[in-house]
Amino acid sequence: MRAAILHGKDDLRVEEVPNPPLQPGEVRVSIRAALTCGTDLKVYRRGYHARMGVPPFPFGHEWSGVVAEVAPDIEAWAPGDRVVGANSAPCGHCAPCKRRQESLCDNLLFLHGAYAQSIVVPAEIVRKNLLRVPDTMGWPDAALTEPLACVVHGIDDVGIEPGDRVLVLGAGPIGLMAVALARHAGARVSVIGRGQGRLAMARRLGALDAFENTAPADIVAPPGTEGAFDVVFEAMGRTFAWEAALRFVRKGGRINWFGGCPSGTSVAVDTVRMHYDALTLKATFHHTPRTIRRALSLIAERVVTADAFVDGRCTLSNLPALFRDMASGNRAVKTLVDVGA
């Protein structure tokens with residue numbers, strides 16, 4: 001079959017690879033929708049990811065599809081089943097799992113290879129994070145499950161309540177999902193980000209205000225916004241955005257530093273403000289089996305749909321060129337990859 005393989009920094013190739021035989025507990029899925037992701041772009045730029053493996057390795061992790069083959073010991077799944085799978089599964093036995101912090105599992109098993117004609121789902125993910133896709137749900141909608149589950153986790157962590165004033169920093173896919181979920185939770189939402197198209201989408205998703213940020217390495221506060229928000233959800237993954245979040249949150253407010261910054265970076269924190277204003281600072285990583293299921297439910301309820309996020313299409317053959325374009329500043333939110341072409 002044809003699959004995209006990351007060989008190193010800025011080196012993505014579409015190659016013919018063998019279809020591995022199934023091991024006990026595994027399921028083979030024919031990909032119907034694969035979506036690009038900001039995490040994949042970061043891995044492409046850096047050439048590796050400590051938790052994902054050493055190049056060369058299969059690339060992509062947001063997908064949905066149809067079961068094509070099951071191992072002989074599988075009874076819960078059959079060829080033809082519509083499914084979506086998470087890109088990981090926790091072990092359930094380590095200390096973090098026993099504390100119900102499955103995203104921090106010491107033995108978290110990752111799955112990659114969405115940019116391919118098919119993918120083999122490991123037994124642990126089959127048991128814990130392979131879900132049925134309703135017949136009424138589109139393939140691109142279902143493929144949003146994994147990133148949305150991460151945002152569900154982040155929104156839960158920061159405790160958004162009806163009537164809260166929420167500021168989202170960043171108007172990429174994660175920031176836009178945070179807008180949709182915060183609005184669904186009954187919050188009054190504002191967003192600061194780049195790109196008029198993305199800001200317009202934020203408004204359509206329920207943002208009351210959407211401000212363009214033009215500063216290259218800072219966030220310029222619009223009038224009346226400093227110290228004005230109950231919750232600040234940082235979704236840029238930039239150190240200046242982490243620091244700026246402290247300027248926007250009110251006394252006693254909550255911050256979620258959701259966006260992961262590059263390894264080795266640090267931020268300056270005003271300890272006087274933290275202490276005397278009694279701020280709550282959170283950071284959220286990844287998802288859990290519970291948030292995977294909640295995300296699929298929210299998609300079924302059409303709180304989040306592909307129409308609001310997928311604004312480009314690409315063939316598998318052209319995927320290396322697309323990632324070069326993304327690395328140079330492509331402003332697409334998410335691109336649907338046609339793995340059959």
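Before moving on, here are some points about what is shown:
- All positions within the stretch 44-67 that are within 19 Å of Ala89 (Cα to Cα), touching a helix residue (DSSP H, G or I) at 6+ places or on another chain (Cβ under 8 Å) and crowded, with 19+ Cβ neighbours inside 10 Å: Met52, Phe59, Gly60, His61, Glu62, Trp63, Ser64, Gly65
Residues are listed down the side, and each one gets a yes or a no for (1) modelled with pLDDT of 95 or more; (2) in contact with a His (Cβ under 9 Å, 6 or more places away or on another chain); (3) assigned by TED's automatic domain parsing to the domain that holds Lys128:
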| position | (1), (2), (3) |
| --- | --- |
| Arg250 | yes, no, no |
| Gly260 | no, no, no |
| Val269 | no, no, no |
| Tyr276 | yes, no, no |
| Pro289 | yes, no, no |
| Gly312 | no, no, yes |
| Ser328 | no, no, yes |
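- Condition broken by Met274, with the remaining ones in (1) in a helix (DSSP H, G or I); (2) within 16 Å of the chain's Cα centre (by Cα) satisfied: (2)
- Positions within the stretch 174-206 being touching a strand residue (DSSP E or B) at 6+ places or on another chain (Cβ under 9 Å) and closer than 13 Å to Asp164 by Cα, in sequence order: Val179, Ala182, Arg183, Ala185, Ala187, Arg188, Val189, Ser190
- Unique match (being over 25 Å from Ser297 (Cα atoms), buried (at least 19 other Cβ atoms within 10 Å of the Cβ) and over 21 Å from the mean Cα position of the chain (by Cα)) among Val27, Val70: Val70
- Residue within the stretch 210-224 that is under 21 Å from the mean Cα position of the chain (by Cα) and either under 17 Å from Phe258 (Cβ atoms) or among the aliphatic types (A, V, I, L, M) (or both) present: no
- Single condition Leu41 does not satisfy, out of (1) surrounded by fewer than 17 Cβ atoms within 10 Å (Cβ to Cβ); (2) assigned to a strand (DSSP E or B): (2)
- In this structure, Gly264 does not qualify as at positive phi, surrounded by 14 or more Cβ atoms within 10 Å (Cβ to Cβ), part of a loop (DSSP other than H, G, I, E, B) and at pLDDT below 95.
- Residue in the stretch 216-227 that is surrounded by fewer than 17 Cβ atoms within 10 Å (Cβ to Cβ), charged (D, E, K, R), assigned by TED's automatic domain parsing to the domain that holds Val249 and touching a residue at least 24 places away in the same chain (Cβ under 8 Å) present: yes
- Test for Asp106: is it in contact (Cβ under 8 Å) with a residue 40 or more places away in the chain, in the same structural domain as Ile74 (by TED's automatic domain parsing), in a loop (DSSP other than H, G, I, E, B) and charged (D, E, K, R): no
- For beta carbons closer than 6 Å, sequence separation of 6+ or different chains, a first residue in the stretch 58-71 that is in the same structural domain as Pro20 (by TED's automatic domain parsing) and a second that is of a type in the set (Phe, Trp, Tyr) and buried (at least 24 other Cβ atoms within 10 Å of the Cβ), the qualifying pairs are Phe59/Tyr115; Gly60/Tyr115.
- The sole residue among Arg273, Arg293, Arg302 that is without any contact (Cβ under 8 Å) to a residue 60 or more places away in the chain, surrounded by fewer than 23 Cβ atoms within 10 Å (Cβ to Cβ) and on the phi < 0 side of the Ramachandran plot is Arg273.
- The selection criterion, being part of a helix (DSSP H, G or I) and closer than 12 Å to Thr288 by Cα, holds for Cys97.
- In the stretch 82-93, the qualifying residues are those that are out of contact with any Leu (no Cβ under 9 Å at 6 or more places or on another chain) and assigned to a loop (DSSP other than H, G, I, E, B), and the one that is farthest from Ser30 (Cα to Cα) is His93.
- Restricting attention to the stretch 251-262, the residues that are touching a residue at least 60 places away in the same chain (Cβ under 8 Å) and farther than 27 Å from Trp63 by Cβ total 2.
- When Ala89, Ala76, Ala95 are checked against the criterion of being modelled with pLDDT of 95 or more, crowded, with 18+ Cβ neighbours inside 10 Å and not β-branched (Val, Ile, Thr), Ala89 stands alone in meeting it.
- Of the residues Gly186, Gly159, Gly163, Gly197, the single one that is more than 17 Å from the chain's Cα centre (by Cα), under 20 Å from Ser103 (Cα atoms) and surrounded by fewer than 16 Cβ atoms within 10 Å (Cβ to Cβ) is Gly159.
The values are calculated or read from the model by the stated rules, or taken from the named source; none is laboratory data. The model shown is predicted, which means the values in this text are computed figures rather than measured ones. Cβ atoms come from the backbone with ideal geometry, glycine included; neighbour counts cover every protein chain shown.
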